[in-house]
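Here the structure is laid out as structure tokens; the discussion comes afterwards.
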Amino acid sequence: MKIYFAGKLNKFDTSKLSLKQKVFSLIGLLDFEEANRFLKIMEDHQLDNVELLGHVDDIHALLKDMDVMLAPMHLNAPPRSVYESGIHEIPSILSMDDKAQDVITDGENGILIDQQNPAQLSEAMLKLVEDPDLRNRMGKAARKRFVVNHDAKRNAAKIFAIYKQVLAKTEIVYPEKELTKTT
């Protein structure tokens, strides 16, 4: 099993953080201590199956060689990479505060795990690594869901239908008409 980390992951001296980094840390968008702990584990255990890629210009080229997207988040929304991998028929392992089933339905197009639960993460990873048929079925379901949910024409038609429904039930009063009635 090879694990790739796309995106910037650096060692941080927390005493030298910029104001922006401090604010991000304060509101929970970045956890510099967690990054430092992770890098220390990689160093201590000489994890040669983990590769830090840094910034990736062509994520779609990288996704072509992947089997599973790991997104154990602290935030309460899935990252864009979950959608991108799903379009490439790659299931995701995802954790969020509120597990919204509109993105990942556990066991259908990915696996939902609890936050900060390494045992669940490794169990989900092994489940998908050891069962290529399950991984394939989940990947196909992910693509089907994301292609349908993000189809521009379908979404525009749904929005138009909502506007038509609202307009049909609401009498629209324009200021000019009000002025005409009173004069």
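All of the numbers you see were taken from the coordinates with simple rules; none came from a lab. Just so you know, these numbers come straight off a predicted model, no measurement behind them. We place every Cβ from the backbone using ideal geometry, glycine too, and count neighbours over all the protein chains shown.
Calculate the all-directions average of the projected area of the stretch 1-56's alpha-carbon convex hull, and give it in nm².
4.5 nm²
How far, in nm, would the chain grow between residue 58 and residue 152 when pulled straight, counting 0.36 nm per residue and subtracting the alpha carbon separation?
Values: separation 94, 0.36 × 94 = 33.84 nm, distance 2.28 nm.
Result for the pair: 31.6 nm of gain on full extension.
Hey, got the dipole for the stretch 59-153? About the Cα centre, +1 on K and R Cβ, -1 on D and E Cβ, debye to the nearest 20? Intermediate results must be reported in sequence, preceding the final value.
On the way: 11 positive and 15 negative charges, 80 e Å.
Around 380 debye, computed over the stretch 59-153.
With the alpha-carbon atoms as the only input, what is the per residue convex hull volume for the chain in Å³? Present the calculation step by step, with values, prior to reporting the outcome.
On the way: hull volume 36.7 nm³, N = 183.
Taking the convex hull of the Cα positions in the chain, it is 200 Å³ per residue.
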**Request:** Scan around residue 111 for amide H atoms under 5 Å from its own, H built in the peptide plane at 1.01 Å from N, and keep only partners 5 or more places away or cross-chain.
**Result:** 92, 93, 94
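Looking at the chain, which longest stretch skips every one of the trypsin sites (Lys or Arg not before Pro) that is in a DSSP loop with at most 14 other Cβ atoms within 10 Å, leaving the sites themselves out? Let's see the in-between values first.
Working: sites that count: 2, 8, 11, 64.
Longest site-free region, per DSSP loop and neighbour criteria: 65-183.
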**Request:** Can you give me the span-like helices of the chain, meaning DSSP H runs with 24 Å or more of Cα extent along the axis and Kyte-Doolittle mean at or above -0.5?
**Result:** 152-169
**Prompt:** Cross-link partners among lysines for residue 127, C-alpha distance below 18 Å, same-chain residues fewer than 8 apart left out?
**Reply:** 2, 140
**Within the chain, percent of DSSP bridges classed antiparallel, to nearest 5** = 10 percent
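Let me check I've understood the local charge: for residue 37, count other residues with C-beta under 13 angstrom from its C-beta, Lys and Arg +1, Asp and Glu -1. What total comes out? If you can, show how the numbers build up before the last one.
On the way: positive: 11, 40; negative: 31, 33, 34, 43, 44.
Overall, the nearby charge balance is -3.
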**Request:** Show that you can apply the helix-only estimate: for the chain, add -39,500 (n - 2.57) for every DSSP H stretch of four or more residues, divide by all residues, and state [θ] at 222 nm to the nearest 500.
**Result:** -15500 deg cm²/dmol
